[in-house]
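Trainee: First the structure, which I've put down as structure tokens, then a few questions once you've had a look.
Any read-out appearing in this document is the output of simple, stated calculations on the displayed coordinates, not a laboratory observation. Keep in mind it's a predicted model, so treat the numbers as computed, not measured. All Cβ positions, even for glycine, are placed from backbone atoms using ideal geometry, and neighbour counts span all protein chains on display.
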Amino acid sequence: MSFSASAAAEDGDGRSVTVLYATETGTAQEVADRIAAQCRRIHVRARVHNLETYPPENLISEDVVIFSVATTGSGKEPRAMTPLWNLLLRSDLPQDLFEDLSFAVFGLGDSAYEKFCWPAKLLSRRLEGLGATEICSRGEGDDQHHLGIDGAFEPWLRKLTHTLLEFYPLPPLLDIQSADGLPPPRVSITDSDARTLAAYQHPLDDDPQHYTATVSCNRRITAEDWYQDVRHFELDFDEDVRYEPGDIAIVHPEAQPADVEGFLVCTGFDATADDPVTVTQTLQDQSLPDFLPTTTTLRTLFTRHLDISAVPRRSFFALLRHFVFDELEIEKLDEFLSEEGADELYEYCQRPRRMIREVLEEFRSACIPREYIFDLFPPIRPRQFSIASSVKRHPRQIHLCVAMVQYKTMLRIPRRGLCTDYMSRLQPGDALSIGLRKGLFCLPQDGATPIICVGPGTGVAPMRAIIEDRTHDGFNRNTLYFGCRSASKDQHYATEWHAYADNGALTYRTAFSRDGPEGTPRRYVQDVMCEDLQALWRVLGVEGGWLFISGSANKMPAGVRQAIRDAAKREAKKTLEEANEFVALLEREGRLIEECWS
């Protein structure tokens with residue numbers, strides 16, 4: 001096994017790797033950063049790229065690639081990985097295409113789902129099938145592990161390090177950098193002046209994929225006495241915004257001002273929180289938040305860019321250890337970071353969902369240099385929401401259907417989701433920056449083709465866009481399967497669905513899981529579909545219809561697929577193997593499209 005130096009000629013001695021990550025929530029990006037930091041310890045240069053911006057055809061020129069790949073929904077690859085995956089699936093690729101490529105893959109997933117780390121598994125198999133050599137057995141991080149992904153990632157990273165050192169022996173006079181030492185910060189932060197700050201334009205303002213909206217509606221659509229608060233938002237634009245049914249709106253949340261102020265006081269940053277500063281990246285192998293301004297203030301950074309409400313990972317405590325001076329606090333951190341203390345760290349942090357700002361309220365001796373805030377605090381991630389409207393019906397508008405995240409932990413402390421809490425505070429007239437991204441759904445070119453939409457809960461959002469779009473164009477062969485707990489409490493957009501049904505534009509089928517008599521089995525959309533096997537087969541098997549699925553990726557998507565198999569077996573007398581192949585055919589032809597989340 002050998003490496004060529006072509007892709008790394010710029011590094012002189014060829015000691016370099018490329019790290020590619022595909023992420024939805026940012027965890028795979030954090031893993032990529034940690035891989036790059038480990039490479040730096042052994043004096044191997046890591047070039048880190050998001051697969052969203054990495055040209056997939058460049059893979060043929062790489063020598064050593066390390067992939068960090070998340071899993072979305074019930075086993076799909078992240079959107080960022082789709083262009084590369086489509087390229088790799090081409091049937092005309094030669095089997096020795098990547099004979100000079102060596103690679104390793106770390107997957108991130110949740111073993112509670114059937115297709116655990118599925119994109120990582122498929123990627124490593126396909127690369128081997130095209131001649132590439134896997135130099136380190138695939139790692140599979142599991143959210144169900146009591147240490148989270150670290151339970152698998154840290155042992156895998158040690159194996160990867162050992163493998164890289166075999167291929168890239170340390171040059172003379174160089175030693176492996178200690179894992180216990182304080183790493184260099186990824187940025188420098190210097191004082192600036194008010195004039196520079198006042199003249200600076202935020203990067204979001206120049207991004208062609210972002211638009212400024214004005215909130216015109218923020219209305220609760222679940223009953224006031226219902227446990228869940230679901231909101232309908234209407235956002236107005238001064239310009240024409242173009243989007244298709246199934247497309248995604250991107251919201252950049254901001255932390256509560258009171259939470260930020262409390263945090264700044266706790267950490268001692270309050271005295272200089274509003275002083276202008278300039279942020280300069282110093283480690284090119286470590287990522288920074290998207291749309292980060294170079295001139296800003298600490299208050300703005302902790303409000304819009306760095307997440308003080310995240311549940312910290314073990315790596316947070318390892319870095320915090322360098323900035324704590326109280327002996328009892330040092331002792332506690334050493335316990336957390338020991339192998340024996342893993343369970344204690346889980347009980348302290350993960351199980352109660354303790355937030356970073358709450359941790360720092362307990363480790364009061366911590367004195368955090370401002371240069372390390374991007375290493376210690378994770379970025380605030382933008383949130384993605386399926387657009388719940390058709391631009392044909394609502395020009396210069398976007399509608400969203402958003403469930404407010406609210407829960408209590410074992411500490412009995414009420415929690416609110418960062419983004420949905422931010423959105424809940426929006427008032428009519430407020431400005432909001434909205435990004436647009438292409439979704440997974442696309443409609444059949446022939447509008448006469450019948451469609452079936454399955455969208456329980458807030459999964460109904462993209463279905464509303466699809467149905468509005470088709471009915472606007474006069475295409476009425478639409479079926480919607482909607483499920484919720486109570487017909488009177490959380491049946492989102494019920495008036496609209498019944499109006500469509502009364503006009504012959506929609507077949508509306510419902511499942512209300514908590515409305516049945518006590519003791520009776522709960523009824524979900526997949527159960528209703530099992531009552532409609534004849535209609536399912538007529539639409540999908542006879543008339544060439546399309547099926548769209550959106551909602552929770554737990555049991556629902558698998559149940560929907562099982563209903564299709566049952567329809568094929570009962571109505572078309574297919575064997576189990578033939579029924580499975582029919583479902584696979586629907587997916588290959590793009591007639592079964594799923595967009596679900598875990």
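Trainee: Which net charge results when you count Lys and Arg as +1 and Asp and Glu as -1 among the other residues whose beta-carbon is under 14 Å from that of residue 329?
Mentor: On the way: positive: 321, 332, 364; negative: 326, 327, 331, 334, 335, 361, 362.
Result for the neighbourhood of residue 329: -4.
Trainee: A further question follows. Putting +1 on Lys and Arg Cβ atoms and -1 on Asp and Glu Cβ atoms, find which of 51, 152, 81 reaches farthest to the positive end of the dipole of the chain.
Mentor: Going by the Cα projections, it comes out as 81.
Trainee: Going by the alpha-carbon gyration tensor, a ≥ b ≥ c the square roots of its eigenvalues, is segment 67-157 rounded (a/c under 1.5) or, if a/c is not under 1.5, prolate (a/b greater than b/c) versus oblate?
Mentor: Working: a/c = 2.87, a/b = 1.56, b/c = 1.84.
Oblate, since a/c reaches 1.5 and b/c is not below a/b.
Trainee: What is the log10 of I(q)/I(0) for segment 41-95, computed with the Debye formula using one identical point scatterer on each Cα and no solvent, at q = 0.13, 0.23, 0.24 Å⁻¹?
Mentor: Evaluating at q = 0.13, 0.23, 0.24 Å⁻¹ gives log10 I(q)/I(0) of -0.41, -1.06, -1.11.
Trainee: Please give me, ordered by residue number, the chymotrypsin sites (Phe, Trp or Tyr not before Pro) of segment 321-403 that lie in loop per DSSP and have at most 14 other Cβ atoms within 10 Å.
Mentor: Counting only loop positions with at most 14 other Cβ atoms within 10 Å, the chymotrypsin sites (Phe, Trp or Tyr not before Pro) in segment 321-403 are 325.
Trainee: Provide the descending list of Cα extents for segment 453-575 along its principal axes, expressed in whole angstroms.
Mentor: 44, 41, 25
Trainee: Can you tell me the orientation of helix 27-41 relative to the chain, as the angle in degrees between its alpha-carbon axis and the longest Cα principal axis, to the nearest 10?
Mentor: 20
Trainee: Could you compute the FRET efficiency for residue 205 and residue 415, with r as their C-beta to C-beta distance and R0 at 41 Å, rounded to 0.05?
Mentor: E(calc), rounded to 0.05, equals 0.80.
Trainee: Compute the signed sum of charges (Lys and Arg +1, Asp and Glu -1) over the other residues within less than 9 Å, Cβ to Cβ, of residue 406. Numbers along the way, then the final one.
Mentor: Values: positive: 408, 415, 416; negative: 229, 421.
Net local charge, residue 406 excluded: +1.
Trainee: If R₀ is 56 angstrom, what is the calculated FRET efficiency for the pair residue 43 and residue 226, using the beta carbon separation as r and rounding to 0.05?
Mentor: Calculated transfer efficiency: 0.45.
Trainee: For residue 214 and residue 91, compute 0.36 nm times the residue count separating them, minus their Cα-Cα distance, and round to one decimal in nm. Working shown, then result.
Mentor: Numbers: separation 123, 0.36 × 123 = 44.28 nm, distance 4.74 nm.
So the extension gain works out to 39.5 nm.
Trainee: Shape verdict for segment 6-167, please, from the Cα gyration tensor: rounded (a/c under 1.5), prolate (a/b greater than b/c) or oblate.
Mentor: Values: a/c = 1.68, a/b = 1.13, b/c = 1.49.
It is oblate, given that a/c is not under 1.5 and a/b is not larger than b/c.
Trainee: Can you list which of the trypsin sites (Lys or Arg not before Pro) found in segment 488-533 are DSSP loop residues with at most 14 other C-beta atoms within 10 Å?
Mentor: 514, 522
Trainee: A further question follows. Please work out which option in (1) 75, 67, 43; (2) 76, 58, 51; (3) 76, 59, 48 gives Cα extents along the principal axes in Å calculated from these coordinates, and answer with its label.
Mentor: Label (2) holds the value from this structure.
Trainee: What is the dipole size for segment 451-597, taken about its Cα centre, with +1 at each Lys and Arg Cβ and -1 at each Asp and Glu Cβ, in debye to the nearest 20?
Mentor: That gives a dipole near 320 debye.
Trainee: Determine the dipole magnitude for segment 6-167: charges of +1 sit on the beta-carbon of Lys and Arg, -1 on that of Asp and Glu, nothing else is charged, the reference point is the Cα centre, and the result goes in debye to the nearest 20.
Mentor: Roughly 200 debye for segment 6-167.
Trainee: Taking segment 32-108, which trypsin sites (Lys or Arg not before Pro) meet the DSSP loop condition and have no more than 15 other C-beta atoms within 10 Å?
Mentor: When the trypsin sites (Lys or Arg not before Pro) of segment 32-108 are filtered for loop state and at most 15 Cβ neighbours within 10 Å, 90 remain.
Trainee: Among 414, 535, 199, flag the residue with its Cα farthest along the positive direction of the charge dipole of the chain, charges on Cβ as +1 for Lys/Arg and -1 for Asp/Glu.
Mentor: Of the options given, the answer is 535.
Trainee: Now, a different point. On C-alpha positions alone, give me the angle between the axis of helix 556-572 and the longest principal axis of the chain, in degrees, nearest 10.
Mentor: Once rounded, the angle reads 40 degrees.
Trainee: Further question on the same structure: Add +1 for every Lys or Arg and -1 for every Asp or Glu among the other residues with Cβ under 13 Å from the Cβ of residue 88, and state the total. Intermediate results must be reported in sequence, preceding the final value.
Mentor: On the way: positive: 90, 125, 126; negative: 57, 77, 92, 128.
Result for the neighbourhood of residue 88: -1.
Trainee: Using θ = phi - 60° and the Karplus relation 6.51 cos²θ - 1.76 cosθ + 1.60, list the HN-Hα couplings for segment 346-359 in order, rounded to whole Hz, with x at every Gly or Pro.
Mentor: Values per residue, Gly and Pro as x: 4, 5, 7, 10, 6, 5, x, 6, 6, 8, 4, 5, 6, 4 Hz.
Trainee: Then there's this: Placing +1 at every Lys and Arg Cβ and -1 at every Asp and Glu Cβ, with all other atoms neutral, what dipole size does the chain have around its Cα centre, in debye to the nearest 20?
Mentor: Dipole of the chain, to the nearest 20 debye: 1760 debye.
Trainee: Within the chain, how many Lys pairs sit with Cα atoms under 20 Å apart, leaving out pairs fewer than 8 places apart on the same chain?
Mentor: 7
Trainee: Same structure, new question: Can you sort 587, 339 by how many other beta carbons sit within 10 Å, fewest first?
Mentor: Final ranking by Cβ density, sparse to dense: 339, 587.
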